[in-house]
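Everything on this sheet refers to the single structure shown next.
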Amino acid sequence: MEVIRTVAGLRERVGALKASGKTIGLVPTMGALHEGHLSLVEKARGENDAVVVSVFVNPTQFNNPDDLRTYPRTEDADRALLEKAGVDFVFIPSVEEVYPEPDTRVFALGPVAEVMEGAMRPGHFNGVAQVVSKLFSMASPTRAYFGEKDFQQIAVIRQMARLEGFDDLEIVACPIKRAADGLALSSRNVRLTPEQRAEAPGIHRVLAESVEFAKNHTLAETRSIVVEEINRLPFMEVEYFEIADPLTMRPLSSWDQEHEIPAVGCVTVYCGDVRLIDNIKYNR
Ligand code: PAF
């Protein structure tokens, strides 16, 4: 595995591969890697000739300076995991390398970026669009891989790719990886205390139970029960829970508004001061 720290170095390597007709899978990450990231790498390896993983804690997507400051940074462990996973190139740029000057671009992402995470974290999705569009230009991937834990993020990235004309690039959405007890894997989980970690699987448990509940209850009732049940768990406070159209991310008010693709219930929960995110598909 080769470690690349400059944009010029990355362009040179991927340029040579592409010139010889090879396909490239890109897995963008912010490091602090876990099994969820490794499942993206594995899928990318199976579908491409070469795999590039980027490890970059992108400052422009953090609207809370404390969150940026405390975001886990574990470069040595990340490199070891990626080497073992058979990655060809890991791209670990500095902030100055990615942003030699401030990125002032404002993307017209539209409604998909205005609800839920977009409403709670102003500027967050614009920052994601900035860095992902740069990574797409720098790595010229054939395919790019994202985890469905950040379900809305994928919809936003698809919108950015449409706006920016990344038409030949396939965006691949990969299923959420969970711990054996159901907690969605996240780099933020390491910040949970042992007591909080023991309660956190309750989020997925409540969501999973609500799929059954939804079969004979209204959407509003389903929404309320999820919020109530999660708030009942020790340490937990729901920031938002919406049942949304999986393509537009528009929150739905009744099951009648559903299309062929199942609605998705998206939740954000504060467990102490750790912000956890999860979602579930309503295959009713
Ligand atoms: O999901 C993440 O880890 C980040 O938002 C991403 C896509 C790597 C952009 O910084």
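Sorting the segments 95-107, 231-243, 61-73 by their mean number of nearby beta carbons within 10 angstrom, highest to lowest, gives 231-243, 61-73, 95-107. Segment 92-107 and segment 184-257 have their alpha-carbon centroids 35 Å apart.
The order of the peptides 135-141, 82-88 by mean Cβ neighbours within 10 Å, most packed first, is 135-141, 82-88. Over the chain, with a Gaussian network built from C-alpha contacts below 10 Å, which listed residue (197, 158, 143) shows the highest mean-square fluctuation? In the Gaussian network model the winner is 197.
A cut-off under 13 angstrom between Cβ atoms defines the neighbours of residue 238, and their net charge, with Lys, Arg +1 and Asp, Glu -1, is -3. Estimated at 0.36 nm per residue, the fully extended path between residue 8 and residue 211 surpasses their Cα-Cα distance by 68.2 nm. Shape of segment 168-284 from the C-alpha gyration tensor: oblate (a/c of 1.5 or more and a/b not above b/c, with a ≥ b ≥ c the square roots of its eigenvalues). Taking only the alpha carbons of segment 31-126, we obtain Rg and Dmax values of 15.6, 40 Å in that order. Return the tail of the calculated pair distribution for the chain, meaning the percent of Cα-Cα pairs more than 23 Å apart. Of the Cα pairs, 55 percent sit more than 23 Å apart. Taking other residues whose beta carbon is less than 13 angstrom from the beta carbon of residue 48, and scoring Lys, Arg as +1 and Asp, Glu as -1, yields 0. Counting Lys and Arg as +1 and Asp and Glu as -1 over every other residue whose Cβ lies under 13 Å from the Cβ of residue 206, the net charge comes to -3.
Computed on the Cα atoms alone, the convex hull of segment 61-205 gives a volume of 148 cubic angstrom per residue. Segment 148-177 and segment 29-63 have Cα centres separated by 14 Å.
Read the figures in this text as sums done on the coordinates, not as results from a lab. These figures come from a predicted structure and were not determined experimentally. So basically every Cβ, Gly included, is an ideal-geometry build from the backbone, and we count neighbours across all protein chains shown.
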